[in-house]
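The values are calculated or read from the model by the stated rules, or taken from the named source; none is laboratory data. As the structure is a prediction and not an experimental result, all values here were calculated from the model. Cβ: placed from backbone, ideal geometry, glycine included. Neighbour counts: every protein chain shown.
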Amino acid sequence: MTELNGVPAYAYTRAFAEMLKEDGAQAKTGGRVLVGQDLRGSSPSIAQLCRAALQDAGLIPVDCGMLPTPALAFHGLRRGIPAIMVTGSHIPEDRNGLKFYRAEGEIDKQDEARILAHHATLNIQEMPDSVRRGPSAIPDVDLRTAYRVRYMEFFGAGALCGLTVGVYQHSSAARDLLTETLEALGARAIPLGRATSFIPVDTEALRPEDEALARQWASENSLDAIVSTDGDADRPLIADGTGMFLRGDLVGAVTARCLGAEVIVTPVTSNSALEASGTFRSVIRTKVGSPYVIKGMAEAMRSGARVVVGFEANGGVLLGTDVEREGRRLAALPTRDAMLPILCTLNEVAARGQPLAQIAAEFSFMAAASNRLTNVASEKTGFFLARIQQDIAFRGELFASLGGVAGLDACDGLRVTANNGEVVHFRASGNAPELRVYVEAASPARAENLLGWGLSVAAQQMES
């Protein structure tokens, strides 16, 4: 949000602090709360507001400086300490955000409601004098080394020997750490595109200039892959040796197979080829959002699954269980992480001796495309989706050109599988007045045509 750098950052952090105190944070963690930040220009001042709010609430802010979100979350989980990450993730630089973590991990929907309730009760309207004085936080704590060692110990020195990897650094919070980790594992890492101002890289909606850069770098260098992340490094971006980027859910599938996952948990928007591949014992589908994936992973573990991996269509991987391999152990990290899928994908290339494009093709993913209609009232979206689900005649007429309807999934919005095997998924956005449309088809060209049809059909219904 554009107004975050001021009273809102302070007020929401105070509300988070009140929730922690309500849960006995002082007794459990000594009152410490980690505070990290990304490379946005506004992040240092917002982080200072967060530290001041924590101190005013009687807690002890720990300044962790600039680092990836999963590195902050990893240390918090390992030491049982709550955390706040100042980041707007992949959105433009003029906006920013806060990610809250309890000592046990990401906050859930119930925690969000509790924070909002405390925020309303506190009703902070202006900045207190403590902010102007500046908080006396514990100095910088280096969590990057422990995060890198986590992966060094699991994959082992030399795991990526022989690979040449381009690292699109832009303004990622992991740009140096990623390069260092690849080199420590034996790869030759080539830094590319380091930026002096913030670049909003969205792994689900790549800028044309990023795609062009990847193709250019691939043509200028002999590369096995190009890797990068979004701004706070909880979503990976991976291209093959030709500069062609892999879909996030495909990256998740490659990662899960590398880790020997029995069960994968992923939102309903991920590719339907996951079930058809036969690679995993079970595929659990959820609503869109990491809290739902985390809940699904917990259910899978309660049912006795040994290795559970979750991932989202943006490529962020959540490790629900510990993984043991060749005497090495990787501890669970149930929050979105970019480093793990990058290293797993490259490890597959090194271990198999096959190009990344060939490894990716083994999953036979359907071609996919997505877009959205903006300024759509939620009432109209709800009526449209309900009519498709309940009115058989309307549904049959609407999808007649696709051979009719073979199946419906109302897990999140309405995902329609047509008799011709194609998929059209209509879903209301969770944070904006938008109707999102996702499609799957046999080829990229057909997927784009189907997406245009889906957007057109939805637009006509919104106008009626």
>> Go through the range 370-400 and report how many residues are part of a helix (DSSP H, G or I), under 27 Å from the mean Cα position of the chain (by Cα) and not small (Gly, Ala, Ser).
In response: 2
>> Just to confirm my filter: which helices (runs of 4 or more DSSP H) fall fully inside the range 264-360 and include at least 3 residues that are within 20 Å of the chain's Cα centre (by Cα)?
In response: 290-302, 339-352
> Can you spot a residue in the range 76-87 that is part of a loop (DSSP other than H, G, I, E, B), in contact (Cβ under 8 Å) with a residue 60 or more places away in the chain and not charged (D, E, K, R)?
Replying inline: yes
> What are the residues in the range 244-271 that are crowded, with 21+ Cβ neighbours inside 10 Å and either among the small types (Gly, Ala, Ser) or on the phi > 0 side of the Ramachandran plot (or both), if any?
Replying inline: GLY248, GLY252, ALA253, ALA256, ALA261, SER270
>> Quick test of your reading of the structure: ALA331 fulfils all but one of (1) crowded, with 21+ Cβ neighbours inside 10 Å; (2) in contact (Cβ under 8 Å) with a residue 40 or more places away in the chain; (3) in contact with an Asp or Glu (Cβ under 8 Å, 6 or more places away or on another chain); (4) among the hydrophobic types (A, V, I, L, M, F, W, C). Name the failing condition by number.
In response: (1)
> With MET19, MET85 as the choices, which residue is crowded, with 24+ Cβ neighbours inside 10 Å, among the aliphatic types (A, V, I, L, M), within 24 Å of ALA113 (Cβ to Cβ) and not assigned by TED's automatic domain parsing to the domain that holds ARG175?
Replying inline: MET85
> Name the residues in the range 381-401 that are under 15 Å from VAL423 (Cα atoms) and aromatic (Phe, Trp, Tyr), would you?
Replying inline: PHE399
>> Here is a check on your reading of the model: is ASP38 of a type in the set (Asp, Glu) and modelled with pLDDT under 95?
In response: no
> Restricting the search to the range 222-276, which residues are within 18 Å of GLN358 (Cβ to Cβ) and hydroxyl-bearing (Ser, Thr, Tyr)?
Replying inline: SER222, THR242, THR255
> Of the residues ALA410, ALA350, ALA338, ALA368, which is closer than 16 Å to THR269 by Cβ, surrounded by 19 or more Cβ atoms within 10 Å (Cβ to Cβ) and among the aliphatic types (A, V, I, L, M)?
Replying inline: ALA368
>> Looking at the range 199-219 only, could you name the residues that are more than 20 Å from the chain's Cα centre (by Cα) and either touching a residue at least 40 places away in the same chain (Cβ under 8 Å) or under 12 Å from ASP230 (Cα atoms) (or both)?
In response: LEU213, ALA214, TRP217, ALA218
> Quick one: would you say ARG281 is touching a Ser or Thr at 6+ places or on another chain (Cβ under 8 Å), surrounded by fewer than 19 Cβ atoms within 10 Å (Cβ to Cβ), of a type in the set (Lys, Arg) and in the same structural domain as CYS344 (by TED's automatic domain parsing)?
Replying inline: no
> Taking the range 412-464 as the search range and keeping residues that are outside any strand (DSSP E or B) and acidic (Asp, Glu), which one is farthest from the chain's Cα centre (by Cα)?
Replying inline: GLU463
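Can you tell which of GLY193, GLY252 is in a helix (DSSP H, G or I) and in contact with a strand residue (DSSP E or B) (Cβ under 6 Å, 6 or more places away or on another chain)? Walk me through it before giving the result.
Working: GLY193 fails: in a helix (DSSP H, G or I).
Every option except GLY252 fails the conditions.
Within the range 195-236, can you find the residues that are crowded, with 22+ Cβ neighbours inside 10 Å and over 18 Å from LEU318 (Cα atoms)?
Kept after step one, since they are crowded, with 22+ Cβ neighbours inside 10 Å, are these residues of the range 195-236: 201, 203, 214, 223, 225-236.
Matches in the range 195-236: VAL201, ALA214, LEU223, ALA225, ILE226, VAL227.
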